[in-house]
Amino acid sequence: MKTITKFTCFAAIAALALPISVSAQKPENYKVVKVQGEIHRVKTGNVLAIGEDVVSNENLTFKNNYSRAVVVNKEKGCMTLSANSDNGGPQFLPSPNNMSVRAALPSQPSEVLDFYAGNVAITGYDSLKIDGDKLLIGDDSYFTVNYDANGQTINDKVILSNGKLVLPESLLQNKPEKVEICYNDEFGVSNKSEFTPVYIDNDVLKEEIDLIFNTMKGKKEAKVSASANFVNDYYGKTTSEAVESWINNNIK
């Protein structure tokens, strides 16, 4: 009787544990937002494409070492799909949170110039919120962007609007390859840096952000944050305010 009792208890415990184990391994569904490089489905041989569904336990082949994809899950939001470093199959990782809340708004010209360095996303709604109490913008203190376009050197002032520095629309119109941003004070140009504008196709971005908004659950703020992280990671530096302005004017 003692042996039967022990076996019965063990079986009961195992039965209780089984559903938990099965539930933990249940495949999750994702929607493909963007693909970088080339990823193939092993079962069909087809290339993974934007808008398609993919499950977490699907067999995939990554054709290049830089191949990856942004996928979105209704509960988890945006994730990065890439190959395991040990070739153990695909892995789903949280997308880099490059748009985390800043500890403080830019309060020095150097902090603004640090932001506008490297690749910068250009959509026509590009802005950077600043600390207007410490970083005073006026007739004698302001930022300009300088670049060559159509055989001419363009010099445009960066506008301050509602506490945000707004890049001029001429960037989107002229599409220069390199842009120099300068801080000007009463003595002239005191500091400057250079950035590479990344011009995003409006229709492509709309399709990508539509997928994020239509797949994710939750409030608009979370979807805007996920969209801003996506733009920052795959295109160039941006801000949540800039992406939200673009969304308000392009996404219903």
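If you check residue 213 against the conditions, is it farther than 18 Å from residue 119 by Cβ, hydrophobic (A, V, I, L, M, F, W, C), out of contact with any helix residue (DSSP H, G or I) (no Cβ under 7 Å at 6 or more places or on another chain) and surrounded by fewer than 21 Cβ atoms within 10 Å (Cβ to Cβ)?
In short, no.
Counting only residues that are assigned to a strand (DSSP E or B) and either within 26 Å of residue 227 (Cβ to Cβ) or among the basic types (Lys, Arg) (or both), how many does the range 30-72 have?
Here the count works out to 20.
Can you tell me which condition residue 233 does not meet? The list is (1) at pLDDT 95 or above; (2) under 21 Å from residue 118 (Cβ atoms); (3) crowded, with 17+ Cβ neighbours inside 10 Å, and all the others hold.
Going through (1) at pLDDT 95 or above; (2) under 21 Å from residue 118 (Cβ atoms); (3) crowded, with 17+ Cβ neighbours inside 10 Å one by one, residue 233 breaks only (1).
In this structure, does residue 74 turn out to be outside the structural domain of residue 228 (by TED's automatic domain parsing), under 18 Å from residue 207 (Cα atoms) and out of contact with any strand residue (DSSP E or B) (no Cβ under 6 Å at 6 or more places or on another chain)?
Taking the combined requirement at face value, the residue satisfies it.
So, residue 211, is that one assigned to a helix (DSSP H, G or I) and touching a Gly at 6+ places or on another chain (Cβ under 7 Å) or not?
yes
Collect the residues in the range 187-230 that are touching a Cys at 6+ places or on another chain (Cβ under 7 Å) and among the basic types (Lys, Arg), keeping them in residue-number order.
Matches in the range 187-230: 192 only.
Which one is modelled with the lowest pLDDT among residues in the range 50-64 that are surrounded by 11 or more Cβ atoms within 10 Å (Cβ to Cβ) and of a type in the set (Val, Ile, Thr)?
61
In contact with a Lys or Arg (Cβ under 9 Å, 6 or more places away or on another chain), closer than 18 Å to residue 117 by Cβ and part of a strand (DSSP E or B): is that true of residue 189 in this structure?
It is false that residue 189 is in contact with a Lys or Arg (Cβ under 9 Å, 6 or more places away or on another chain), closer than 18 Å to residue 117 by Cβ and part of a strand (DSSP E or B).
Can you work out which of the residues in the range 156-191 that are surrounded by fewer than 17 Cβ atoms within 10 Å (Cβ to Cβ) and charged (D, E, K, R) is farthest from residue 236 (Cα to Cα)?
The extreme case among them is 186.
Tell me yes or no: at least one residue of the range 164-180 is among the acidic types (Asp, Glu) and closer than 15 Å to residue 115 by Cα.
yes
If I filter the range 142-155 down to residues being surrounded by fewer than 17 Cβ atoms within 10 Å (Cβ to Cβ) and touching a helix residue (DSSP H, G or I) at 6+ places or on another chain (Cβ under 8 Å), which single residue comes out as farthest from residue 200 (Cα to Cα)?
Restricting to residues being surrounded by fewer than 17 Cβ atoms within 10 Å (Cβ to Cβ) and touching a helix residue (DSSP H, G or I) at 6+ places or on another chain (Cβ under 8 Å), the top hit is 150.
The values are calculated or read from the model by the stated rules, or taken from the named source; none is laboratory data. Remember, it's a predicted structure, so these values are computed and weren't measured experimentally. Ideal geometry is used to build each Cβ from the backbone, glycine not excepted, and the neighbour counts take in all protein chains shown.
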